[in-house]
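So the structure is just underneath, and the comments pick up after that.
Every number in this text was worked out from the coordinates using simple rules, so none of it is lab data. Note that the structure is a prediction, hence the values are computed from the model and not measured. Methodologically, a virtual Cβ is constructed for each residue, glycine included, from the backbone with ideal geometry; neighbour enumeration extends over all protein chains shown.
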Amino acid sequence: FNIIKVNHEEEFNETGAAIIAGLLQANPKAVLGLATGSTPIGVYKKLIERCQKGLLSFRQVTTYNLDEYVGLPKDHEQSYHRFMDEHLFRHVDINPLNTFIPDGNSGDPDQSAAYYNTLLEKSPFFDLQLLGIGHNGHIGFNEPGNELIGNTHVVTLHESTRAANARFFASSEDVPTHAITMGIGAILHAKQILLLVKGKEKSEVLRRAIYGPITPQCPASFLQVHPRVLILTDVEAGAFL
Ligand code: F6R
């Protein structure tokens with residue numbers, strides 16, 4: 001692993017944005033795998049700033065998001081469609097036709113997952129996959145368990161994940177029980193992975209992911225088999241690295 005540990009939020013966001021911007025400058029047609037969650041928001045903000053200053057363009061970029069909840073309309077406040085629109089897409093010059101997110105609201109999530117797989121099969125390898133890590137070691141919504149699935153699939157969210165995400169919903173019962181997620185195989189296909197990790201409460205899981213055994217009990221531990229993973233962390237999350 002390559003590890004960059006930074007002291008401040010500002011430095012974290014600026015570094016993450018610089019890595020992505022550098023990639024897009026070298027390859028304006030880059031294919032990016034994107035994540036939602038609280039961690040990348042500041043990085044997206046910095047990318048928006050660069051784009052609005054004319055320093056960066058998403059015009060020819062293609063993006064694929066990792067995951068989406070099942071059963072939320074696309075314009076629901078907590079859907080990942082809405083998240084991406086609000087935190088990145090609507091502020092930059094990306095062509096909406098080149099942005100892909102699993103459709104969690106088709107009425108047939110298994111079919112949506114299968115369709116997303118056909119899209120991924122047709123796509124060139126991602127130049128960069130952006131990732132966060134869950135408190136329980138999930139990446140995307142690949143939850144800890146006895147096995148991991150390679151392709152895009154429907155998952156039952158763990159109670160711990162639903163609890164962690166309840167802060168965004170009116171009540172904890174409103175958190176969807178299922179999601180569609182890219183599988184671990186597709187994630188590991190990316191040419192390069194940028195893992196963003198912030199905060200003391202992620203330090204132990206980050207340690208396990210990097211130094212612990214490679215096991216489906218900690219899906220992020222599979223990043224150990226990828227040759228090009230860059231971890232961007234603050235001092236709190238990186239305490240044990
Ligand atoms: C989001 C995703 C999740 C998050 C993870 C961390 O698309 O796939 O794996 O990256 O749950 O979320 P935050 O950043 O909110 O701590």
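Remarks
- Charge-dipole axis of the chain as Lys and Arg at +1 and Asp and Glu at -1 on Cβ define it, positive-most pick from 194, 138, 84: 194
- Couplings 3J(HN,Hα) of region 133-138, computed from phi: 10, x, 4, 9, x, 6 Hz, in residue order, whole Hz [Karplus 6.51 cos²θ - 1.76 cosθ + 1.60, θ = phi - 60°; x for Gly and Pro].
- Normalised contact order of region 151-241, rounded percent, pairs of Cα under 8 Å and 6 or more residues apart: 29
- In percent, rounded to a whole number, the relative contact order of the chain is 24, using alpha-carbon pairs under 8 Å and six or more apart.
- Helix-only mean residue ellipticity at 222 nm for the chain, each DSSP H run of n ≥ 4 adding -39500 (n - 2.57), per residue, nearest 500: -9000 deg cm²/dmol
- Packing around the peptides 194-205, 157-168, taken as the average count of other Cβ atoms within 10 Å per residue, puts them in this order, highest first: 194-205, 157-168.
- Largest to smallest principal axis extent of the C-alpha atoms in region 174-241, angstrom: 36, 32, 21
- Highest GNM mean-square fluctuation among 143, 68, 11, for the chain modelled with Cα contacts below 10 Å: 11.
- Residues within the reach of a label modelled at residue 93 (point 7 angstrom out along Cα to beta-carbon, backbone nitrogen below 14 Å), restricted to region 41-66, are 48-61.
- Applying the Karplus relation 6.51 cos²θ - 1.76 cosθ + 1.60 with θ = phi - 60° to region 80-93 yields 3J(HN,Hα) values of 6, 4, 5, 4, 5, 5, 6, 9, 8, 4, 5, 9, 10, 8 Hz, where x marks Gly and Pro.
- GNM top mover of 225, 43, 155 - the chain, alpha-carbon springs below 10 Å: 225
- Likely footprinting exposure, 75, 85, 127, 67, fewest C-beta neighbours within 10 Å first: 75, 85, 127, 67
- Between 142, 151, 98, the residue with the greatest mean-square fluctuation in the GNM of the chain (Cα pairs under 10 Å linked by springs) is 98.
- Virtual spin-label span in nm between residue 211 and residue 235, 7 Å along Cα→Cβ: 1.9
- Cα pair distances exceeding 31 angstrom across the chain, given as percent: 16
- Estimated from the Cβ-Cβ distance and a Förster radius of 22 angstrom, the FRET efficiency linking residue 14 and residue 191 is about 0.40.
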